[in-house]
């Protein structure tokens with residue numbers, strides 16, 4: 001083929017390719033446009049939730065009694081085992097009663113003597129009263145006899161009081177438990193000298209079942225809860241008492257549930273907090289005074305709460321909580337939220353979402369506001385929360 005003919009063929013082919021590339025058919029053969037992004041959604045429905053507040057606190061014995069002697073003497077016996085449970089009135093120590101028994105016997109004898117003297121005075125006064133009626137004795141002798149009788153009767157009363165005092169001192173040689181509870185270590189042993197009303201306690205008895213837990217709450221939080229209860233946002237149960245659960249130092253949950261007993265009547269000016277006291281059953285003596293615990297105090301019930309899975313909520317550059325919902329036009333719509341506590345792995349949403357909203361929980365990685373989406377039902381919020389916890 002001649003060179004000129006070859007050149008003509010090449011130019012024709014190139015022109016054909018150029019026209020083909022510029023034709024509408026070539027434009028239609030380009031990359032296809034991207035369709036709606038598939039996303040998983042959950043439809044928000046109001047639900048009843050119990051709101052709790054976690055507060056730090058310490059355990060406190062229901063009753064604490066320091067055992068001190070009320071009479072002076074030598075400890076004869078110790079009648080308890082350290083660390084054991086004792087009953088109210090149970091013997092703890094026996095102080096040597098010999099001298100107090102002798103004092104009691106002496107008081108008993110003095111009373112008998114006074115009663116005998118009173119009997120004689122009573123008989124004499126009676127006779128003088130009869131004789132004075134017939135003028136056999138002077139009225140002065142009758143009056144003296146009556147005065148002697150009254151003095152003898154007063155001596156009887158004084159002797160009886162002295163006997164009661166001696167009996168009390170004798171009884172106090174038996175040092176008993178003032179309350180039922182668990183007795184700690186003994187500060188004295190047999191043979192030790194103790195004195196009446198000494199400052200050092202012989203032992204301490206603490207009642208551990210039930211047991212108190214004292215926690216503190218800021219006055220600002222207390223005022224907020226009171227307002228929410230007043231306007232009906234929060235409701236209390238039928239009993240009106242808030243229930244309390246307990247988290248122990250090792251992270252475990254205490255098996256028994258307690259109840260809030262009272263709140264302090266004044267605010268601590270140093271910390272701005274109010275003390276709350278809860279009472280817990282403690283049959284196994286698992287809780288001991290002074291333990292650090294965390295109390296989950298039930299602050300109220302919200303009947304129309306909206307909960308959003310944590311996986312659906314993110315934070316923007318300013319730290320605001322945001323989430324995506326499916327708009328009426330089938331496009332992703334960004335919402336700014338106000339969130340409260342975390343309940344069972346879900347955020348309590350106070351504003352930004354409404355009942356019936358389709359909250360996007362899956363397919364959020366490249367989602368942008370206004371992007372078209374294809375919504376499909378996602379897993380239940382509880383399953384989403386469990387999956388998020390496993391991922392962490």
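The values are calculated or read from the model by the stated rules, or taken from the named source; none is laboratory data. Being a predicted model, the structure only gives us computed values, none of them experimental. Every residue, glycine among them, receives a Cβ derived from its backbone with ideal geometry; neighbour counts consider all protein chains shown.
Details
- Region 292-324, residues that are in contact with a helix residue (DSSP H, G or I) (Cβ under 9 Å, 6 or more places away or on another chain) and part of a strand (DSSP E or B): 299, 300, 302, 307, 308, 309, 323, 324
- All positions within region 177-203 that are assigned to a strand (DSSP E or B) and crowded, with 18+ Cβ neighbours inside 10 Å: 181, 182, 183, 194, 203
- Scanning region 157-169 for residues that are surrounded by fewer than 20 Cβ atoms within 10 Å (Cβ to Cβ) and in contact (Cβ under 8 Å) with a residue 12 or more places away in the chain turns up 158, 160, 162, 165, 167.
- Residue 78 vs. criteria closer than 30 Å to residue 296 by Cα and outside the structural domain of residue 154 (by TED's automatic domain parsing): no
- Among the residues of region 326-353, the ones that are in contact with a helix residue (DSSP H, G or I) (Cβ under 9 Å, 6 or more places away or on another chain), surrounded by 13 or more Cβ atoms within 10 Å (Cβ to Cβ) and part of a strand (DSSP E or B) come to 2 in all.
- Unique residue being part of a loop (DSSP other than H, G, I, E, B), over 29 Å from the mean Cα position of the chain (by Cα) and under 30 Å from residue 281 (Cβ atoms) when the list is 89, 35, 83: 89
- Any hit, region 215-234, residues being touching a strand residue (DSSP E or B) at 6+ places or on another chain (Cβ under 9 Å), surrounded by 15 or more Cβ atoms within 10 Å (Cβ to Cβ), modelled with pLDDT of 90 or more and not assigned by TED's automatic domain parsing to the domain that holds residue 348: no
- Of all residues in region 10-30, none are on the phi < 0 side of the Ramachandran plot, under 56 Å from the mean Cα position of the chain (by Cα) and modelled with pLDDT under 85.
- Screening 144, 155 for residues that are modelled with pLDDT of 85 or more, in a helix (DSSP H, G or I) and under 60 Å from the mean Cα position of the chain (by Cα) leaves exactly one candidate, 155.
- Flag if residue 107 is closer than 30 Å to residue 67 by Cβ, under 60 Å from the mean Cα position of the chain (by Cα), free of Cβ contacts under 8 Å to residues at least 24 places away in the same chain and assigned to a helix (DSSP H, G or I): no
- All conditions but one from (1) buried (at least 19 other Cβ atoms within 10 Å of the Cβ); (2) out of contact with any helix residue (DSSP H, G or I) (no Cβ under 6 Å at 6 or more places or on another chain) apply to residue 356; the one that does not is (1).
- One residue alone among 94, 63, 101 is within 54 Å of the chain's Cα centre (by Cα), over 30 Å from residue 291 (Cα atoms) and not in a helix (DSSP H, G or I), and that residue is 94.
A quick yes/no check of all residues on (1) surrounded by 13 or more Cβ atoms within 10 Å (Cβ to Cβ); (2) more than 20 Å from residue 56 (Cβ to Cβ); (3) out of contact with any strand residue (DSSP E or B) (no Cβ under 8 Å at 6 or more places or on another chain):
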{"position": "262", "(1), (2), (3)": "no, no, no"}
{"position": "273", "(1), (2), (3)": "yes, no, no"}
{"position": "284", "(1), (2), (3)": "no, yes, yes"}
{"position": "298", "(1), (2), (3)": "yes, no, no"}
{"position": "308", "(1), (2), (3)": "yes, yes, no"}
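- Taken over region 170-196, residues that are free of Cβ contacts under 8 Å to residues at least 40 places away in the same chain and either closer than 16 Å to residue 71 by Cβ or outside the structural domain of residue 80 (by TED's automatic domain parsing) (or both) amount to 1.
- Residue that is crowded, with 18+ Cβ neighbours inside 10 Å and farther than 30 Å from residue 182 by Cα, where the choices are 78, 122, 104: 104
- Exactly one residue out of 269, 283 is within 30 Å of residue 210 (Cα to Cα), out of contact with any helix residue (DSSP H, G or I) (no Cβ under 6 Å at 6 or more places or on another chain) and not in a strand (DSSP E or B): that is 283.
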